[in-house]
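The values are calculated or read from the model by the stated rules, or taken from the named source; none is laboratory data. As the structure is a computational prediction, the values presented were derived from the model and not from experiment. All Cβ positions, even for glycine, are placed from backbone atoms using ideal geometry, and neighbour counts span all protein chains on display.
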Amino acid sequence: MLIVEDDPDILSTVTDILEFEGYQVERASNGVEGLAAIGRARPELIILDMRMPVLDGWEFARILKERGVEVPILVMTAARDARRWAEEIGAQGYISKPFHLPDLIAAVENALGSD
Amino acid sequence: MTLDQFVQDLSWIIYLIIFVVVAIHAVRRPLRANIDIALLFGAAAASIALSVATSTGLIARGPLITGLSGSLLVGMVYMLFRIVDDFSDVRPWLMRASDVAFALTVAGAFYFAFFPPQPLWFSTLALVYLLAALFYSVAAFARETSRSSGVTRRRLLAVMAGSASLFAIFILVAVTTFFPTLSNVVSPLSGLAGLASGIFYYIGFATPTVLRRAWQEPELRAFLGRAASLPRLPDTESIVKELEQGASTSLGAPNASIALWDEQAQVLKLNFGDEHMDLPPTNKAVSGRALLTQQPVFAPHITPDNPTYSIAKRVYGAKSVLAAPITAGPRRLGVLLVYAPHTPVFAEEDLALVQLLADQAAVILESRALIDEAARVQAREEVTRLKEDFLSAAAHDLKTPLTTLVAQTELLERRALRSPDAPTDLAGLQKLKREAYRLKALVLELLDAARTEQGKLVGELEPVDLLATAQDVCSRHTSERHPCTVEAQEPIIGTYDPNRILQLLENLIENAVKYSPDGGPVDLKLWREDGFNHLTVSDTGIGIPREDLPHVFERFHRGTNVDDRRFAGMGLGLFICRGIVEQHGGRIWVESRQGPAGNGTHPHGGSVFHVALPAVAPAATPAEAPVDAEGERQEQSVH
């Protein structure tokens with residue numbers, strides 16, 4: 001799966017958590033890196049931070065849609081509007097920062113299962 | 001009938017009409033002024049009656065009648081003098097002198113009526129007295145006219161003119177006495193003077209309501225014209241002053257005041273010039289009566305049992321009051337009071353006018369209250385909006401390090417549970433430490449921002465070497481990409497809160513580094529000038545756009561050229577810096593040039609932050625005023 005997140009510590013922590021659970025994880029610090037990563041290999045799931053520099057979450061989702069890339073998205077954000085944003089971009093689910101480890105894993109399994 | 005006869009008859013008719021009007025008025029309201037006026041025209045009427053009676057043969061001429069006629073004429077002048085005292089105050093000794101002169105003249109008139117002939121010296125003296133009294137009266141009315149306005153002024157003008165006409169008549173009488181041959185010329189002139197006096201006195205003493213209203217109209221119109229703009233004046237006090245001014249000029253009285261009703265304390269707040277009085281509503285006070293009965297009240301005399309008696313007398317010299325309640329619908333707002341030093345200024349007709357002005361005042365004051373309420377609501381909404389902005393800005397920034405702290409600790413715990421013998425994950429622990437520090441810095445920044453608002457940033461003061469502090473902070477932040485230098489001629493010592501000064505310098509230097517993403521020097525300069533210690537921090541970074549310059553030191557402000565995601569921050573750093581500087585009694589400002597657009601180096605961009613601190617900062621709170629180097633207690637300064 002692909003994690004797109006601009007804060008380096010959050011990025012590395014989430015990666016560690018998911019690798020610990022046995023998932024294979026690709027990392028990207030912003031929307032541009034994320035698109036490049038998708039170009040190399042189609043992920044099963046994208047965990048997407050919304051507020052990023054260079055290319056933010058909304059633009060990223062829009063471009064994916066334009067290119068017809070259908071990968072489930074899990075929105076990950078500190079904002080209160082997490083649920084609304086997830087609906088806006090047609091994501092499969094959302095998780096609010098800060099989150100508990102079990103909740104993150106549950107959200108990921110949910111999003112993967114809802115194919 | 002000759003013209004002379006016609007003119008004389010006309011004058012007599014006018015005087016008789018005046019007498020009837022003022023007599024009725026005196027019966028209705030037996031005040032001293034009204035009685036004096038009635039007596040004046042009573043004497044005139046009696047004199048006229050006597051003339052008619054003797055000329056038609058109803059009464060035989062005789063010494064008694066002659067004496068009486070003369071006395072009545074003198075009596076008129078005497079009464080006029082008394083009326084001067086009613087409209088303005090005449091000195092007591094002058095009144096006594098007039099009384100004596102009157103008595104002597106009447107006595108003389110009768111005596112020489114019975115024992116003719118009337119010697120020239122007596123006639124002369126009598127004329128001198130009469131002319132002097134009339135002259136004084138005219139002068140007194142003229143003086144009062146200049147001090148009055150509106151209806152009162154015009155009435156006094158009319159009375160003055162009437163008295164001047166009487167004066168003319170007596171001059172003419174004197175002329176005939178000394179130059180009897182001129183009586184043919186003089187006689188028609190005195191007839192005209194008599195007619196003139198009648199007309200003027202009618203206007204002055206028996207003012208028809210129509211005329212009164214016509215005189216009030218321009219003042220009233222001017223007042224109503226200004227009324228629409230009144231609610232927009234900066235505060236209720238200025239509105240009240242304007243209303244009071246309008247009321248006094250419209251009614252022609254020297255003073256007016258508005259007593260505001262305090263619903264909570266249940267008192268009328270009266271003011272007399274600079275003096276104030278809180279009065280619980282009582283019928284004994286005119287204002288109280290107006291408020292309780294919700295009717296306009298005319299009090300010709302303020303009596304000693306009125307609680308405002310002494311203060312009204314002292315400040316306004318008031319004797320007579322008109323009051324009307326100011327009420328907007330069900331809400332009682334107060335009472336409009338108009339004061340005059342003499343009773344004859346007001347008449348019953350003025351009650352309607354004062355109520356009209358009070359109603360106008362009610363509308364204006366209520367508009368004002370509504371405007372104030374709207375402003376308060378807006379201010380509350382602004383506060384709420386700021387709080388929401390604050391919360392959303394703070395929330396996001398706090399949640400970022402928290403995310404790592406929570407998730408990472410849970411991960412470390414899981415790993416430890418699964419592999420209890422695994423070596424310590426140093427990198428993982430360092431990550432936790434890093435994020436904990438980030439969180440700490442943010443929380444402290446928020447707390448400092450809150451303290452800035454409350455003015456409680458500055459603590460204990462002590463001597464601080466600014467140069468040493470600057471060098472210390474610089475050396476800790478200097479790097480190859482951002483070399484930091486300090487330039488100064490000498491050590492710069494001031495009395496400040498050392499922790500806050502350190503914080504100030506850290507903030508400014510960190511900002512300089514942060515906003516020079518492509519590297520660049522950070523230069524500090526310190527110097528002393530005019531009792532102030534000056535510091536500048538310069539960088540060659542992205543600079544501050546012109547439109548942001550007035551706002552950089554505001555809470556939550558981020559520059560418009562600052563990409564939120566590239567340069568993290570809550571926008572509190574400079575706000576806190578300003579708080580630190582200002583609470584030390586100093587000033588902070590910035591000069592800046594925005595670099596050309598683009599991400600490359602900006603050779604011509606950059607900012608220079610200036611700080612000017614007094615050599616000795618004022619104390620934080622009076623209770624803990626610290627002692628400075630010379631052992632003197634600091635004065636607290638007002639911010």
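The table below gives the values:
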| quantity | calculated |
| --- | --- |
| Single residue of region B:407-428 satisfying the filter (part of a helix (DSSP H, G or I) and loosely packed, with under 13 Cβ neighbours inside 10 Å) that is farthest from the other protein chains (Cβ to nearest Cβ) | B:Leu426 |
| Selection from region B:445-474 of residues that are over 21 Å from B:His534 (Cβ atoms) and in a helix (DSSP H, G or I) | B:Glu445, B:Leu446, B:Leu447, B:Asp448, B:Ala449, B:Ala450, B:Arg451, B:Thr452, B:Glu453, B:Gln454 |
| Which numbered condition B:Tyr129 fails, given (1) in contact with a Lys or Arg (Cβ under 9 Å, 6 or more places away or on another chain); (2) free of Cβ contacts under 8 Å to residues at least 60 places away in the same chain | (1) |
| Residue in region B:575-585 that is assigned to a strand (DSSP E or B), polar (S, T, N, Q) and at pLDDT 90 or above present | no |
| Residue satisfying condition, being crowded, with 21+ Cβ neighbours inside 10 Å and out of contact with any strand residue (DSSP E or B) (no Cβ under 8 Å at 6 or more places or on another chain), within set B:Ser257, B:Ser310, B:Ser320, B:Ser250 | B:Ser250 |
| Residue within region B:181-192 that is of a type in the set (S, T, N, Q), touching a helix residue (DSSP H, G or I) at 6+ places or on another chain (Cβ under 7 Å) and crowded, with 20+ Cβ neighbours inside 10 Å present | yes |
| Within region B:209-310, strands (runs of 3 or more DSSP E) holding 2 or more residues that are touching a Lys or Arg at 6+ places or on another chain (Cβ under 6 Å) | B:255-262 |
| Qualifying positions in region A:15-28 - assigned to a loop (DSSP other than H, G, I, E, B) and within 11 Å of chain B (Cβ to nearest Cβ) | A:Glu21 |
| Number of the condition not met by B:Val608 [criteria: (1) crowded, with 21+ Cβ neighbours inside 10 Å; (2) at pLDDT 70 or above] | (1) |
| Single unsatisfied condition, B:Ser320 versus (1) of a type in the set (Ser, Thr, Tyr); (2) touching a residue at least 40 places away in the same chain (Cβ under 8 Å); (3) touching a Phe, Trp or Tyr at 6+ places or on another chain (Cβ under 8 Å) | (2) |
| Qualifying residues in region B:429-449 (those that are more than 16 Å from A:Phe99 (Cβ to Cβ) and within 7 Å of chain A (Cβ to nearest Cβ)) - the one surrounded by the fewest Cβ atoms within 10 Å (Cβ to Cβ) | B:Arg434 |
| Evaluation of A:Glu44 against (1) over 18 Å from A:Thr15 (Cα atoms); (2) modelled with pLDDT of 90 or more (one fails), failing number | (1) |
| Residues (touching a residue at least 60 places away in the same chain (Cβ under 8 Å) and more than 22 Å from B:Thr400 (Cα to Cα)) located in region A:33-64 | A:Glu44, A:Leu45 |
| Residue identified as crowded, with 20+ Cβ neighbours inside 10 Å, touching a residue at least 40 places away in the same chain (Cβ under 8 Å) and at negative phi among B:Leu172, B:Leu224, B:Leu156 | B:Leu156 |
| Region B:50-98, residues that are surrounded by fewer than 18 Cβ atoms within 10 Å (Cβ to Cβ), over 57 Å from the mean Cα position of the chain (by Cα), in a helix (DSSP H, G or I) and hydrophobic (A, V, I, L, M, F, W, C) | B:Leu50, B:Val52, B:Ala53, B:Leu64, B:Ile65 |
| Selected residue [within 14 Å of chain A (Cβ to nearest Cβ) and either at pLDDT 90 or above or in contact with a Pro (Cβ under 9 Å, 6 or more places away or on another chain) (or both)] from B:Asp563, B:Asp539, B:Asp628 | B:Asp563 |
| Extreme residue, nearest to the other protein chains (Cβ to nearest Cβ), among residues of region A:52-93 that are in contact with a Leu (Cβ under 7 Å, 6 or more places away or on another chain) and of a type outside the set (A, V, I, L, M) | A:Gly57 |
| Selection status of A:Asp9, under 26 Å from B:Leu398 (Cα atoms), out of contact with any Asp or Glu (no Cβ under 8 Å at 6 or more places or on another chain), within 14 Å of another protein chain (Cβ to nearest Cβ) and assigned to a helix (DSSP H, G or I) | no |
| Pair list, Cβ under 6 Å, 6 or more apart: region B:2-30 residue under 19 Å from B:Ala196 (Cβ atoms), other residue surrounded by fewer than 17 Cβ atoms within 10 Å (Cβ to Cβ) | B:Asp4/B:Pro188 |
| Members of region B:377-393 that are among the aliphatic types (A, V, I, L, M) and within 11 Å of another protein chain (Cβ to nearest Cβ) | B:Leu391 |
| Any chance B:Leu125 is under 53 Å from the mean Cα position of the chain (by Cα) and in a helix (DSSP H, G or I) | no |
| Which listed residue is farther than 19 Å from B:His584 by Cα and either more than 9 Å from every other protein chain (Cβ to nearest Cβ) or modelled with pLDDT of 90 or more (or both), from B:Thr452, B:Thr404, B:Thr469 | B:Thr404 |
| Number of the condition not met by B:Ala347 [criteria: (1) touching a strand residue (DSSP E or B) at 6+ places or on another chain (Cβ under 7 Å); (2) surrounded by 16 or more Cβ atoms within 10 Å (Cβ to Cβ); (3) in a loop (DSSP other than H, G, I, E, B)] | (1) |
| Residue selected from region A:94-115 under the condition among the hydrophobic types (A, V, I, L, M, F, W, C) and more than 14 Å from chain B (Cβ to nearest Cβ), by the criterion nearest to A:Met50 (Cα to Cα) | A:Ala111 |
